[in-house]
Amino acid sequence: MDAERWQRLSPLLDALLELDEAARASSLASLREDDPQLADDLEELIALEAGGDDFLNEPLIAPNPGVQAGASVGPYELERMLGEGGMGQVWLARRADGLYQRRVALKLLRPGLADPNLRLRFTRERQILARLEHPHIARLLDAGISSDNQPYLALEYVEGEPITDWCRARDPGVMARVHLFMQVCEAVSHAHTNLIVHRDLKPSNILVTPLDDVRLLDFGIAKLLDTPEQALDHTRTGLRTFTLHYAAPEQIRGEPVTTMTDVYSLGVVLYELLADRKPYQLKRPSDAQWEDAILNVDPQRPSQVLQRAAGEDGAPDARARRRAREVTGDLDNIVLKALSKKPEQRYPSVEALALDLQRWLDGKPVHARAQSMSYRLRKYVRRHRWVLSTAAAVSLVVVSALGIVAWQARQALDESARAQAMQNFVVGLFETAGDVPSDASVDVRQLIGNGERRIERELAHQPLARAELLGVVARLRAGLGDYDQALDVLLRQAALVEALDDAPASLRLQSATDLGRVLRLKGDISGCMARMQPQMALARRSERRLPVPVSGFYSQLGRCHAAARRITEARVLYLRSLGLRRDPLDDEPGIVENLADLASLHAAAGDTPRALGEMRAALTLLRSSAGARHPLAIELLRSLCSLERESSNVPAAERDCREALALATELRGTNHHATIDARRQLAALHVDQGRFSDAEGELRDTLAWVTARLGPRHVDVARIRNSLAIVAWERGELDAALAEIAIAVDIWRERGNEPLLASGLFNQALVLHSAGRDAEALPLLREALALRRAAFGPRHGLVGDTLRLIGEAKAALGDATALEALRQAQALTRGDYGARHSHTRRAEISLARQQALQGDAVAITRLDALAELPQDDAELRKAAWLARAYAADARCRLPGERDLALASLQALAVVVAQAQPEGGTVPREIARLRATCVGGRALSPGAAAAAAVRSAPRRARSA
């Protein structure tokens with residue numbers, strides 16, 4: 001298809017593609033009456049477009065020979081095509097002659113445009129256009145004819161989208177559209193000042209950059225290309241240097257072009273910006289129809305087009321109606337004046353058009369409208385509405401001044417009453433304490449209860465002061481561990497705050513934070529999030545105004561998310577709180593608290609080493625900034641103890657647990673929940689160390705305290721019962737152990753705490769395995785394995801430890817796959833924990849023992865090597881004892897080795913009895929192996945393996 005034919009088809013095709021099926025068929029039928037061949041061509045192009053999404057991406061005009069990516073045109077190298085039209089193509093190109101580096105939009109003109117004097121004209125016009133220096137104009141940088149007679153224009157390359165597309169995508173308001181259009185007027189005015197007329201203003205030549213700035217393209221191009229020969233025929237068959245849809249009537253008639261031609265084109269663009277449509281809506285969109293409309297048809301007012309569009313779909317479009325109201329009147333008149341058919345009836349210049357638009361923005365009378373007295377008065381009132389309303393309000397101010405003063409006085413009285421209420425509450429607590437005999441102790445809970453009753457009695461008509469003081473009471477009760485009473489007070493406070501229309505944002509946030517904390521401590525995680533989440537929007541709005549309560553709110557809500565295993569949400573909230581505590585608060589303890597929170601998320605994800613490092617760094621920062629006796633250090637030390645115990649560093653864990661307990665006792669007293677938690681944690685360590693009597697005493701005390709305050713189904717109650725189950729198991733009381741662990745598992749399953757549930761199931765299976773009930777243990781182990789894989793990933797060390805016990809249970813049942821499970825356990829624990837970790841050593845011992853029982857002499861040597869493990873770690877010491885006992889057991893079954901094996905077991909029993917005087921699973925296992933060796937019972941390898949693994953001690957974890 002030649003360029004001339006495509007130039008005629010292109011605008012008609014664009015117009016038809018914008019229509020629906022029915023309107024398109026009607027337009028094609030009308031075109032067919034005048035020009036059947038034209039209608040056939042258009043119908044064929046539409047069918048091709050419907051059949052392939054990329055049809056119109058292929059150029060219809062044959063490209064100039066040699067014009068392709070990588071080709072050179074003058075000093076430029078082509079990169080990719082940006083677009084094409086009837087006059088040629090536009091390419092993204094770069095300067096390739098080495099003078100400087102720059103990317104340009106290179107416009108390649110068809111060779112037929114070049115007259116003999118074109119090179120001279122390019123040179124002259126380039127000098128003229130170089131004077132265009134304006135922030136909203138993309139400059140013409142270069143122009144010339146290449147060595148192969150290829151005319152080209154090098155323009156500044158602009159990233160952006162046409163102004164109409166930008167408005168459709170973002171749908172800004174009318175004022176924003178006018179402000180954007182004013183930038184266009186500034187650029188055109190600058191060009192006119194330099195005696196340059198654009199001649200082809202249209203949306204595709206007006207781009208909006210990502211910074212929302214306007215850039216005009218192709219300034220002076222039409223002037224550059226408009227030779228006298230080409231100016232003879234600008235109608236249907238000649239080459240136009242303008243776009244028909246945006247052409248002025250004088251351009252259609254071939255008359256001289258002036259600055260008012262650009263005013264008309266700007267009017268078309270402004271019409272399209274305001275109405276989202278072109279001024280002329282044609283039934284048969286041919287070139288002839290467009291020319292007739294531009295010359296003879298008066299466009300509708302933009303507001304009428306908007307009103308009609310608002311009801312086209314059947315449902316009223318409120319946004320379109322609102323825009324129609326804004327456009328009605330002055331903007332209608334401004335647009336229609338710019339679109340006048342006669343140049344002398346338009347604005348005499350772009351500056352005049354811009355001035356009228358500015359007057360509309362300022363609320364002044366516009367020159368496009370008749371200046372009647374009523375119109376000018378309405379404009380004056382609207383323009384000065386604030387001044388006039390202020391003047392009118394003076395009388396109201398005078399009348400209401402006394403009311404305002406009275407209201408302020410009442411507010412001052414309310415503030416005074418709230419302050420006095422707080423003072424009275426504190427004083428009242430001590431007055432009540434004074435009634436206690438001097439030789440009697442003060443009951444703090446009774447004092448708080450008396451104060452609470454005074455609040456309800458004396459502040460019955462001051463709901464705001466009552467709500468604030470109830471929050472104080474709730475925090476005091478929570479500090480004493482009375483969580484049920486604290487929750488009751490906080491629920492009453494929340495109801496009061498909800499009923500108050502003028503409750504301060506700080507009170508709303510503090511109330512939600514306190515309520516969420518108590519619900520979390522009671523184990524009601526879903527209730528915590530349900531109470532706190534609705535205040536999230538208020539917290540976001542109040543960040544800079546109320547950073548202290550907002551940061552506390554974020555931290556508490558983050559802990560609720562963390563407890564629900566929503567790690568990503570918790571991390572986001574911790575980071576928001578951390579940002580506020582760093583700036584503007586510079587709150588060092590608060591920063592440390594959030595750093596510890598973030599470290600705990602790594603522990604929850606199974607990354608214990610990273611959690612340990614970050615927790616130690618947080619404790620160091622706290623001690624350097626707030627001292628060693630800050631209350632926050634209690635929680636940090638307890639977290640370190642837990643992580644160190646998880647890493648089998650029992651000495652470090654005991655040191656930090658004891659320091660946490662001492663600090664909690666000193667700062668909080670013996671009956672505070674922080675002290676009780678530290679005692680429970682230290683008791684769990686005593687279990688690992690074989691100090692079962694000490695552990696059980698501590699655990700029984702803490703169980704009573706926690707159950708009384710948190711209820712029998714709390715997560716912490718399950719932790720203590722799990723530890724008691726391990727104590728009973730170590731003592732050989734298997735029925736008691738199973739009863740305790742069953743309660744713990746049931747609570748964790750009810751609460752949905754999957755990591756703790758997996759540990760409980762593992763311990764429950766361990767006790768069943770010790771009782772010889774391996775068939776019951778295996779389903780529990782498989783469930784624990786699935787939970788740990790889901791929580792920590794398939795290659796975590798805890799997954800390997802679970803596979804170890806699965807292998808031992810299978811061996812007891814005579815399952816041939818037992819050795820494979822033990823090999824997997826050894827590989828996983830070694831890969832995650834390293835070779836020196838107690839979990840890895842236990843897996844190696846279990847595998848070597850099973851191999852030794854099957855007569856593998858190398859496995860016995862391996863057990864001898866494992867018996868030399870370091871003795872400074874409690875868990876590794878137990879592993880070494882077991883390795884030595886199992887090596888002796890294997891030798892006892894060999895000919896001539898029985899006496900040596902008995903001597904080894906006897907010596908080992910003495911060493912273990914001295915280290916663990918209270919006994920435990922390891923001493924009992926050594927005693928059993930010795931008795932078996934003394935009896936000299938001959939067992940088959942399978943029977944020996946089953947008997948051995950059934951009673952063998954394994955590492956259990958108290959929570």
Item to check | Residues located in region 162-180, provided they are within 19 Å of Ala105 (Cα to Cα) and touching a strand residue (DSSP E or B) at 6+ places or on another chain (Cβ under 6 Å) | outcome: Ile163
Item to check | Scan of region 735-753 for residues that are part of a helix (DSSP H, G or I) and surrounded by 17 or more Cβ atoms within 10 Å (Cβ to Cβ), ordered by number | outcome: Ala737, Leu738, Glu740, Ile741, Ile743, Ala744, Val745, Ile747, Trp748, Arg751
Next on the checklist: Among the residues that make up region 580-587, is at least one of them touching a residue at least 40 places away in the same chain (Cβ under 8 Å), buried (at least 21 other Cβ atoms within 10 Å of the Cβ), among the aliphatic types (A, V, I, L, M) and part of a helix (DSSP H, G or I)?
Outcome noted: no
Checklist entry - How many residues does region 617-632 contain that are within 28 Å of the chain's Cα centre (by Cα) and more than 24 Å from His561 (Cβ to Cβ)? => result 0
Next on the checklist: List pairs: first residue in region 812-834 and at negative phi and touching a residue at least 24 places away in the same chain (Cβ under 8 Å), second residue surrounded by fewer than 14 Cβ atoms within 10 Å (Cβ to Cβ) and hydrophobic (A, V, I, L, M, F, W, C) anywhere in the structure, Cβ distance under 9 angstrom, at least six positions apart or on different chains.
Outcome noted: Leu813/Ala775
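Looking at Leu661, Leu573, can you tell me which residue is modelled with pLDDT of 95 or more, in a helix (DSSP H, G or I) and not charged (D, E, K, R)?
Leu573
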Next on the checklist: Just to be sure I understand the filter: pairs with C-beta atoms under 8 Å, separated by 6 or more residues or on different chains, first member in region 782-800 and free of Cβ contacts under 8 Å to residues at least 12 places away in the same chain, second member among the hydrophobic types (A, V, I, L, M, F, W, C). Which pairs pass?
Outcome noted: Arg789/Val799
Checklist entry - Taking the stated definitions as given, is Ala825 of a type in the set (Gly, Ala, Ser) and crowded, with 24+ Cβ neighbours inside 10 Å? => result yes
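So, Asp502, is that one more than 26 Å from Asp716 (Cα to Cα) and at pLDDT below 90 or not?
Working: more than 26 Å from Asp716 (Cα to Cα): yes; at pLDDT below 90: yes.
Yes: the conditions hold for Asp502.
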Checklist entry - Does Ala309 qualify as being modelled with pLDDT of 85 or more, over 22 Å from Ala187 (Cα atoms) and not acidic (Asp, Glu)? => result no
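Can you go through Arg830, Arg788, Arg842 and tell me which one is closer than 21 Å to Trp748 by Cα, at pLDDT below 95 and touching a Ser or Thr at 6+ places or on another chain (Cβ under 9 Å)? Steps first, please.
On the way: Arg830 fails: closer than 21 Å to Trp748 by Cα; Arg842 fails: closer than 21 Å to Trp748 by Cα.
Answer to the check: Arg788.
With respect to Glu84, determine if the residue is assigned to a strand (DSSP E or B), more than 38 Å from the chain's Cα centre (by Cα), at pLDDT below 75 and surrounded by 15 or more Cβ atoms within 10 Å (Cβ to Cβ).
Against the criterion (assigned to a strand (DSSP E or B), more than 38 Å from the chain's Cα centre (by Cα), at pLDDT below 75 and surrounded by 15 or more Cβ atoms within 10 Å (Cβ to Cβ)), Glu84 qualifies.
Has region 402-411 got at least one residue that is crowded, with 18+ Cβ neighbours inside 10 Å, under 26 Å from Leu546 (Cα atoms) and modelled with pLDDT under 80?
At the first step, the residues of region 402-411 found to be crowded, with 18+ Cβ neighbours inside 10 Å are none.
Scanning region 402-411, I find no residue that is crowded, with 18+ Cβ neighbours inside 10 Å, under 26 Å from Leu546 (Cα atoms) and modelled with pLDDT under 80, so the answer is no.
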Next on the checklist: Being of a type in the set (A, V, I, L, M), in contact with an Asp or Glu (Cβ under 9 Å, 6 or more places away or on another chain) and part of a helix (DSSP H, G or I) is the requirement here; does Ala852 meet it?
Outcome noted: yes
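Take region 323-345 and flag every residue that is part of a loop (DSSP other than H, G, I, E, B) and surrounded by fewer than 22 Cβ atoms within 10 Å (Cβ to Cβ). Walk me through how you get there before you give the answer.
Going residue by residue through region 323-345, those that are part of a loop (DSSP other than H, G, I, E, B) are 328-329, 339-342.
Matches in region 323-345: Thr328, Gly329, Ser340, Lys341, Lys342.
In region 226-274, what residues are among the hydrophobic types (A, V, I, L, M, F, W, C) and modelled with pLDDT under 85?
Keep residues of region 226-274 that are among the hydrophobic types (A, V, I, L, M, F, W, C), which gives 231-232, 239, 242, 244, 247-248, 252, 257, 260, 263, 266, 268-270, 273-274.
The answer is Ala231, Leu232, Leu239, Phe242, Leu244.
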Checklist entry - Is region 858-865 home to any residue that is surrounded by 21 or more Cβ atoms within 10 Å (Cβ to Cβ) and not in a helix (DSSP H, G or I)? => result no
Next on the checklist: I'm trying to understand the selection: among the residues of region 515-563, which are part of a loop (DSSP other than H, G, I, E, B), in contact (Cβ under 8 Å) with a residue 40 or more places away in the chain and under 18 Å from Leu575 (Cα atoms)?
Outcome noted: Arg544, Leu546
Next on the checklist: Can you pull out every residue in region 145-155 that is part of a strand (DSSP E or B) and either hydroxyl-bearing (Ser, Thr, Tyr) or at positive phi (or both)?
Outcome noted: Tyr152
Checklist entry - Within region 723-741, is there a residue that is within 21 Å of Glu635 (Cα to Cα) and touching a residue at least 24 places away in the same chain (Cβ under 8 Å)? => result yes
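Within region 183-208, track down each residue that is part of a loop (DSSP other than H, G, I, E, B) and over 20 Å from Leu244 (Cβ atoms).
Just the residues of region 183-208 that are part of a loop (DSSP other than H, G, I, E, B), to begin with: 194-202.
If the condition is that a residue be part of a loop (DSSP other than H, G, I, E, B) and over 20 Å from Leu244 (Cβ atoms), then Asn194, Leu195, Ile196 are the ones that fit.
The values are calculated or read from the model by the stated rules, or taken from the named source; none is laboratory data. No experiment lies behind these values; they were computed from the predicted model shown. Backbone-built Cβ (ideal geometry, glycine too); neighbour counts: all protein chains shown.
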